[in-house]
Amino acid sequence: MRERRIREIQQEFERRQSMQENDHGQFTEITNEKEFMNITTKEKYVVGHFFHEDFRRCKIMDTHLQKLCEKHYQTRFIKINVSNCPFLVEKLAVRVLPCVMAWVNGYAQTKIVGFDDLGGTDGFSTAVLELKLTNAGVLKKKEENTPQVKGSIFQSHTNESDDDYD
């Protein structure tokens, strides 16, 4: 059992190390459309933010996505300036900024336009965005590793005996 757990830890370490080499856990700015398209089609989970540097709301979205990328290591978080990607802006019908899209295995799952779906205010919670992306299937919930103990409702889990038959 101990050896199995050590192997699991080693495999998880190697997986995280390879993901880190591919910029997982970081909020990366992509400068050209081709690279953006390659990432969204090759990575399993991708969140992409279309932004403009002069828009205050885009900077607000950046802070929330930065928090999420550190928390959800299995998802790749990227952003691209809309002035660098006119083809994508046209094809994906990006009309309002900020615009966040999520892809799973290269297929678009959701499109968050502005802050309307996040409460309609600049002061929305990161948890609201996280829930929206989790429901889209691009973020995975943390699994709790609590062992399930099966037994009868009449069994006691303590070693003490309350029998009066001693």
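The values are calculated or read from the model by the stated rules, or taken from the named source; none is laboratory data. Just so we're clear, the structure is a prediction, and the values are computed from it rather than from any experiment. Please note: Cβ atoms are built from the backbone with ideal geometry, for glycine as well, and neighbour counts cover all protein chains shown. With ligands, DNA and RNA removed, areas are computed over all heavy atoms of the protein, side chains included. Shrake-Rupley method; radii C 1.70, N 1.55, O 1.52, S 1.80 Å.
Miscellaneous remarks
- Index of the failed condition, F36 passing every other in (1) within 18 Å of E130 (Cβ to Cβ); (2) buried (at least 19 other Cβ atoms within 10 Å of the Cβ): (1)
- Residues considered: K91, K67. Of these, the only one that is within 20 Å of T28 (Cβ to Cβ), of a type in the set (K, R) and surrounded by fewer than 20 Cβ atoms within 10 Å (Cβ to Cβ) is K67.
- Number of the condition not met by N22 [criteria: (1) open to solvent by 20 Å² or more (accessible area, probe 1.4 Å); (2) modelled with pLDDT of 90 or more]: (2)
- Sole residue being touching a Cys at 6+ places or on another chain (Cβ under 9 Å), on the phi < 0 side of the Ramachandran plot and outside any strand (DSSP E or B), chosen from V128, V94, V47: V94
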